[in-house]
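Novice: Below: one structure in structure tokens.
Derivation of every value follows stated rules applied to the coordinates shown; laboratory data play no part. All figures in this text were calculated on a predicted structure; none of them were measured in a lab. Note that each Cβ is placed from the backbone with ideal geometry, even for glycine, and that neighbours are counted across all protein chains shown.
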Amino acid sequence: MIDVIDLHKRYRTDHGLGRWVLKGINLRIPANQSVGLVGRNGAGKSTLLRLIGGIDVPDKGRVIRHSRTSWPLGLAGGLQGSLTGRQNAKFVCRLHGHEKDMAEKLEFINDFAELGEAYDEPIKTYSSGMQARLKFAMSMAFEFDIYLVDELTAVGDAAFSKKARAAFKRLAGRSSLIMVSHSEGTLKEFCEAGIWLHDGQAHWFDDINDTLANYKQSLSL
């Protein structure tokens, strides 16, 4: 379970502080329930995922995680360019307490990402597709109670995307998700409930179909 309490967030722009992206969000996201997160571009979907995942901090309010929660999978960034793929993977292993089985984790990540010798080359030499494959492989190497997902299945070329989607379906069968996706079909496939972000507020729906209906209706206003 995750509690979001009076959450506020805005960012500084070239002209000073910007608008409130999120203003006074209060949510209780139940355990063992996968949730789709929808809203217009700029509504704060990725911002909310970053705050829930703990890689960004609110201006006001807090997030209380009662379960092991992943970093936001699929989000840009997160790799150190001067380090190799293997070194980045080692850092994540240590961060999540996998010192004893690190060799096994490192082998899994390289095999899944299909990087070959590039695994021992600096990240800054990788194409965007190679980076996406590495980040996806690292996300599959660790088990969480709740996975935060930002358009994760759209990674790499067609062959890797098919492999990634199959792996993701296996993961979704044993863990809960909080998922951002622009694909209505993907949200209906993986999520039961939903959150609609609109004008800085979060609206909870027990049924993902009701979430999507309210979101689509707002687009016509």
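Novice: Give me the distance between the Cα centres of region 102-153 and region 155-218, rounded to whole Å.
Specialist: Between the Cα centre of region 102-153 and that of region 155-218, the gap is 22 Å.
Novice: If you count, for each residue, the other Cβ atoms within 10 Å and average over each peptide, how do 40-47, 199-206 line up from highest to lowest?
Specialist: 40-47, 199-206
Novice: I would also like to ask the following. Between Ser82 and Ser218, what is the FRET efficiency for a Förster distance of 41 Å, r being their Cβ-Cβ separation, to the nearest 0.05?
Specialist: 0.40
Novice: Over region 78-142, calculate the relative contact order: mean separation of alpha carbon pairs under 8 Å at least 6 apart, over the residue count, as a percent.
Specialist: Computed over region 78-142, the figure is 43 percent.
Novice: Considering the chain as a Gaussian network with a 10 Å cut-off on Cα pairs, which listed residue, Arg174, Arg12, Arg133, attains the greatest mean-square fluctuation?
Specialist: So, out of Arg174, Arg12, Arg133, the one fluctuating most is Arg12.
Novice: Let me ask something else. About its Cα centre, what dipole magnitude does the chain give when the only charges are +1 on Lys and Arg Cβ and -1 on Asp and Glu Cβ, stated in debye to the nearest 20?
Specialist: Roughly 420 debye for the chain.
Novice: Which is farthest toward the positive dipole end of region 78-142 among Met130, Thr84, His96, measuring Cα position about the Cα centre, with Cβ charges +1 (Lys, Arg) and -1 (Asp, Glu)?
Specialist: Towards the positive end, the residue furthest out is His96.
Novice: Multiply the residue gap between Ala31 and Lys169 by 0.36 nm, knock off their C-alpha separation, and tell me the result in nm, one decimal place.
Specialist: Residue separation times 0.36 nm, minus the Cα-Cα distance, leaves 47.8 nm.
Novice: Above 28 Å lies some portion of the pair distances; for the chain, what is it as a whole percent of all C-alpha pairs?
Specialist: Summing the P(r) tail past 28 Å for the chain gives 32 percent.
Novice: What percent of all Cα-Cα pairs in region 22-148 falls into each 5 Å bin, going from 0 up to the bin containing the maximum distance?
Specialist: 2, 10, 18, 20, 17, 13, 11, 7, 2, 0
Novice: Run the dipole for region 78-142 about the Cα centre, Lys and Arg Cβ at +1, Asp and Glu Cβ at -1, nothing else charged, and hand back the magnitude in debye, nearest 20.
Specialist: 300 debye
Novice: Regarding region 78-142, what are the three Cα extents along the principal axes, ordered largest first, in Å?
Specialist: Its Cα atoms span 30, 21, 18 Å along the three principal axes.
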